[in-house]
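The values are calculated or read from the model by the stated rules, or taken from the named source; none is laboratory data. Bear in mind that the values here come from a model prediction, so they are computed numbers and not experimental data. All Cβ positions, even for glycine, are placed from backbone atoms using ideal geometry, and neighbour counts span all protein chains on display.
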Amino acid sequence: MYMTAALAIAYMDRRMLEWGIEEYHLRFRHLRLQPSEQRIVLAYGHLFLLVDPPADIRVASDVGVYDPGDAGAAELQYEHQGMIHIANNATTANQLLFIQVIPKLNSDAR
Amino acid sequence: MMREEAIAVAVSIDTIGQQVYLQIPIPSNTHRIIGLEWGAMRQMGDRTGYVGTSTGSNGLFDLSANKVIGRITLWVATQQNIFLQDELVESRNILVGENITGKFMQPLDTTHGTKREAIPCMVAAPPSFVEGFYQDSWGVGEFDAMSYLLHLYLWIEKKCI
């Protein structure tokens with residue numbers, strides 16, 4: 001079972017409570033990747049949840065790797081933070097879906 | 001006490017007509033967002049057809065039409081929503097004293113000379129990030145391929161101890 005959008009939405013509430021965050025912004029990020037494209041997404045202080053990932057995609061960040069083709073990754077991560085390195089290992093275009101969780105800080109609540 | 005600072009963001013534009021969604025983190029002690037300053041510098045791309053639109057008399061000191069290099073929209077996740085929407089214009093009259101160009105001179109690789117002013121805006125009590133959307137048009141009609149760096153400087157007022 002992969003991380004679906006419904007699971008991600010249920011999961012993020014609990015995850016934010018672990019961070020002590022009661023309120024947060026949500027953004028749905030849909031990335032379009034060209035063949036063999038590599039991209040960096042900055043997610044410091046945020047949480048990116050990978051949703052229904054395609055094959056031939058590599059997502060690596062400070063807290064884990066998602067790459068079904070990487071034999072060295074015994075466990076794949078759907079949650080990413082920090083500097084996220086994304087690589088489309090396919091020879092065709094690919095699409096990658098994330099739910100981005102942005103904690104509301106004290107300044108947001110003013 | 002308040003202090004003004006600028007948050008610098010560099011956006012890489014690699015294809016003509018590229019559209020970019022961006023997020024700019026805002027410090028938690030930001031009191032207000034007060035302006036946007038910008039500049040762009042072409043990195044790659046050969047001009048295929050520049051047609052000067054000068055109407056000069058002597059061919060050396062003319063006034064050229066400026067070019068819209070892109071359109072930017074900035075918004076915040078509060079009731080204020082979109083707070084800035086503008087066309088970014090390349091000044092093509094920055095040679096020889098910042099006010100003129102020459103009939104036989106092609107535009108430079110940079111969009112500004114020494115004169116640059118921030119676009120004023122007002123966002124009180126901003127959230128922890130600003131979102132933006134940029135639509136490029138710099139190379140349209142003049143380049144087959146082009147890449148450049150778009151530098152955005154978001155001016156803020158910060159509370160200081």
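Which one is farthest from the other protein chains (Cβ to nearest Cβ) among residues in the stretch B:115-161 that are within 14 Å of the chain's Cα centre (by Cα) and part of a loop (DSSP other than H, G, I, E, B)? Give the steps one after another, and end with the answer.
Kept after step one, since they are within 14 Å of the chain's Cα centre (by Cα), are these residues of the stretch B:115-161: B:115-120, B:132-138, B:148-155.
This time we only want the ones that are part of a loop (DSSP other than H, G, I, E, B), so: B:115-118, B:137-138.
Values: B:Lys115: 32, B:Arg116: 26, B:Glu117: 28, B:Ala118: 22, B:Ser137: 20, B:Trp138: 21 Å.
My answer is B:Lys115.
Exactly one residue out of A:Ile99, A:Ile40 is assigned to a strand (DSSP E or B), more than 11 Å from every other protein chain (Cβ to nearest Cβ) and either within 29 Å of B:Ser28 (Cα to Cα) or in contact (Cβ under 8 Å) with a residue 12 or more places away in the chain (or both), and it is A:Ile99.
The set of residues from the stretch B:31-58 being at pLDDT 60 or above and of a type in the set (S, T, N, Q) comprises B:Gln43, B:Thr48. Among the residues of the stretch A:65-96, the one identified as part of a strand (DSSP E or B), free of Cβ contacts under 8 Å to residues at least 40 places away in the same chain and under 19 Å from A:Ala6 (Cα atoms) is A:His80. When the test is whether a residue is within 14 Å of chain A (Cβ to nearest Cβ) and modelled with pLDDT of 90 or more, B:Val68 does not pass it. Between A:Leu26, A:Leu47, A:Leu76, the distinction of being crowded, with 17+ Cβ neighbours inside 10 Å and either away from chain B (no Cβ under 14 Å) or within 15 Å of the chain's Cα centre (by Cα) (or both) belongs to A:Leu47 only. For A:Asp62, the conditions (1) of a type outside the set (Lys, Arg); (2) in contact with a strand residue (DSSP E or B) (Cβ under 7 Å, 6 or more places away or on another chain); (3) free of Cβ contacts under 8 Å to residues at least 40 places away in the same chain; (4) within 14 Å of another protein chain (Cβ to nearest Cβ) all hold with the exception of (4).
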